[in-house]
Amino acid sequence: MIKNQTASYYCEYMLLDSISIIGYRNLAETEITLSDKINCFIGSNGMGKTNLLDAIYYLSFCKSAINSSDGNNIMHDAPFFMIQGNYRSDSGITEEISCGMKRGEKKQFKKNKKNYERFSDHIGSIPLVMVSPADNELIAGGSEERRRFMDVVISQYNREYLSALIRYNRALQQRNVMLRSEHEPDTEMLTLIEEMMSAEARRIYEGRSKFIDELIPIFKEFHKHITSGNENVTLRYRSHLEENNLEEILSASRSDDRRLGHTTKGIHRDELIMQLDGYPIRREGSQGQNKSYLISLKLAQFDFLRRKGGETPLLLLDDIFDKLDSKRVEKIIDLVSGDRFGQIFITDVNREHIDNILDYVDREYKLFEVKNGKTEIIKEK
């Protein structure tokens, strides 16, 4: 059922033909040509496999998935980093996306050698979903991790949502500065800021609500497939805006917020409730159950973006098969090797594990070894 679910409509594929990396984290100089289907990277921990996937991620999101400080992504003792990707759509469109940063300077991001005026203009042009061990923070981390998950997905297909998010956060910072002021805040100015926050919060709330409503059935279907229906999972969005409009909420909480020095209610406090068999998964789930939940969630994200944008995202699977039994691994591979998934990138420390996967899917692939930051192709089909 899952395999045929999306066969009735066409989505364009954007493929990464090749990538060139200089001075990015531990990747001194790497240039590889990639398979249109499956690209596997093996190597011991710390050799650079994840950094290579992170460079691909960077070209989609103008930032690293690993390190929020751009300067820290420059290789030790290197003067700069540079990443360049050559992309091709199945309709024949080609694009060169490049980014670079010199130590102590601002980063630059270019499309076909032309600088972007705003990085946000690029978000969504190359949709991508990454599944990695860091996703465990969606369960174990604070609510900001779960809000970031929603924001990253929605921003890839809804530019107005991203703009609203930027405007809301700017107004939130202004309100917090006023709340922390030694002098009593100007009431008129505070009211104006709260009106701005309320207008943007409504757009964000509606975007998140619609996204989660549409995501839940896809997520449950993937989870049922991976676990053979042996576990019951739920996902629920919770927000202060369910109670009232934000302007009234902020007005009522002014005195408490002034005393605490920050805004205690608003869209920046939203939460995603994740449950397994009726209980919080962070408390009840085993490592394998947590991983199954997260992989189902990220594959649902992939399917959602594909449906919304009409373009098949790149799929990055970074060391995801650890802690999963063989049946669940087989179910996941069965899913991602289907026709609705496009170009896939997989990392693993276990060569035998990768060989078994490649034998199972029987599709075109390239297998690379990553060692001490250098990448070499060792097998292809």
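The values are calculated or read from the model by the stated rules, or taken from the named source; none is laboratory data. Note that the structure is a prediction, hence the values are computed from the model and not measured. Neighbour counts run over all protein chains shown; Cβ positions are idealised from the backbone, glycine included.
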In segment 273-287, which residues are in a helix (DSSP H, G or I) and either closer than 16 Å to Lys220 by Cα or in contact (Cβ under 8 Å) with a residue 24 or more places away in the chain (or both)?
-> Ile281, Arg282, Gln287
Filter result for Ala55 (surrounded by 15 or more Cβ atoms within 10 Å (Cβ to Cβ), on the phi < 0 side of the Ramachandran plot, in a loop (DSSP other than H, G, I, E, B) and out of contact with any Cys (no Cβ under 6 Å at 6 or more places or on another chain)) = no
Can Val336 be described as modelled with pLDDT under 90 and either farther than 18 Å from Leu53 by Cα or more than 20 Å from the chain's Cα centre (by Cα) (or both)?
-> no
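Name every residue in segment 74-110 that is part of a loop (DSSP other than H, G, I, E, B) and more than 30 Å from Thr312 (Cβ to Cβ), in order of residue number.
Met75, His76, Asp77, Ala78, Pro79, Arg103, Gly104, Glu105, Lys106
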Between residues in segment 350-377 that are without any contact (Cβ under 8 Å) to a residue 60 or more places away in the chain and residues that are not acidic (Asp, Glu), which pairs lie under 7 Å by C-beta distance while being six or more apart or on different chains?
-> His353/Phe321; Tyr360/Ile333; Glu376/Phe368
Say whether the condition of being under 15 Å from Tyr24 (Cα atoms), in contact with a Lys or Arg (Cβ under 8 Å, 6 or more places away or on another chain) and not assigned by TED's automatic domain parsing to the domain that holds Tyr205 is met by at least one residue in segment 101-118.
-> yes
Are any of the residues in segment 117-135 closer than 30 Å to Arg283 by Cα and small (Gly, Ala, Ser)?
-> yes
Across segment 177-199, what is the number of residues that are closer than 19 Å to Leu241 by Cβ and in contact (Cβ under 8 Å) with a residue 40 or more places away in the chain?
-> 5
Verdict on Ile139 being farther than 30 Å from Thr347 by Cβ, in a helix (DSSP H, G or I), of a type outside the set (D, E, K, R) and touching a residue at least 12 places away in the same chain (Cβ under 8 Å) = no
Among all residue pairs at least 6 apart or on different chains, which show Cβ distances below 6 Å where the first residue, located in segment 150-162, is among the β-branched types (Val, Ile, Thr) and the second is modelled with pLDDT of 90 or more?
-> Val153/Gln301; Ile154/Tyr161; Ile154/Gly207; Ile154/Phe211
Matching entry among Gly261, Gly266, Gly229 (being surrounded by fewer than 16 Cβ atoms within 10 Å (Cβ to Cβ) and farther than 30 Å from Gln289 by Cα) = Gly261
Scan of segment 19-39 for residues that are within 19 Å of Thr312 (Cβ to Cβ) and in a strand (DSSP E or B), ordered by number = Ile19, Ile38, Asn39
Report whether or not Ile249 is assigned to a helix (DSSP H, G or I) and farther than 19 Å from Phe149 by Cα.
-> yes
Being on the phi > 0 side of the Ramachandran plot and either surrounded by fewer than 22 Cβ atoms within 10 Å (Cβ to Cβ) or not in a helix (DSSP H, G or I) (or both), is that true of even one residue in segment 341-354?
-> no
Yes or no: Arg208 in the same structural domain as Lys298 (by TED's automatic domain parsing), touching a Phe, Trp or Tyr at 6+ places or on another chain (Cβ under 7 Å) and of a type in the set (Lys, Arg)?
-> yes
